[in-house]
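**Student:** Got a structure here, written out as structure tokens. Questions coming.
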Amino acid sequence: IGLYDKTGTKLLGKENYGSYSYNGTIKLENNAEYYLYFEGKKAGNYEFSVDTYPDPAPDVKEAALEIQTDKKISATYAGYGDVDFYRSTTGKEDAYYHVNYKPLTDVYYYINLYDAAGTKLLGKENYGTYSYNGTVKLEKNTEYYLSIKGKSAGNYEISVDTYPDPAADVKE
């Protein structure tokens, strides 16, 4: 499966072997031309669609809760498709976003991190009761938005921590 823009730039290239399915979503730009192709050695069934819907991030930026640097937030996600949305602005040093999400039941959940322009920097999707525990480096003096969305309740902790790059000593 391949997806190209009109200049021929490959935006998506997925290869699978066996009876594995591929199910994916990719964001497309307004007023742009795209080319999608399927290739294989055996017959198979597929569905695809190009759906238009507004980016969920701009709708909730106004209501985003501010995260204070170096302070952990513990919360429970209510579920049912709601979005918990947080805003943070880094200071004069680079920082690190720490996210630890633990769903309470088998469920799909999505964790996304955007910069102020709406560019998605992290898009994590999981299913089950598997926890997501991740760290993302943030640039100094920059605004970020984190969204947590799922189909069922879950507990999570998030923080934006400033501390020196742990690899800096090794780089020297």
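What follows draws every value from the coordinates through simple rules; no lab data is involved. Note that the structure is predicted; figures quoted are calculated from it, not measured. Cβ coordinates were reconstructed from backbone atoms using ideal geometry, including for glycine residues, and neighbour counts include every protein chain displayed.
**Student:** Using a simple spin-label model with points 7 Å from Cα along the Cα→Cβ vector, what separation in nm is obtained for residue 65 and residue 15?
**Tutor:** Here the modelled spin labels are 4.5 nm apart.
**Student:** Then there's this: With Cβ to Cβ distances under 14 Å as the rule, what net charge do the other residues near residue 124 carry (K, R +1; D, E -1)?
**Tutor:** Numbers: positive: 102, 120, 149; negative: 125.
Summing Lys/Arg as +1 and Asp/Glu as -1 gives +2.
**Student:** Full extension from residue 89 to residue 131: what is 0.36 nm times the residue separation minus their Cα-Cα distance, to one decimal in nm?
**Tutor:** That works out to 12.5 nm of additional length.
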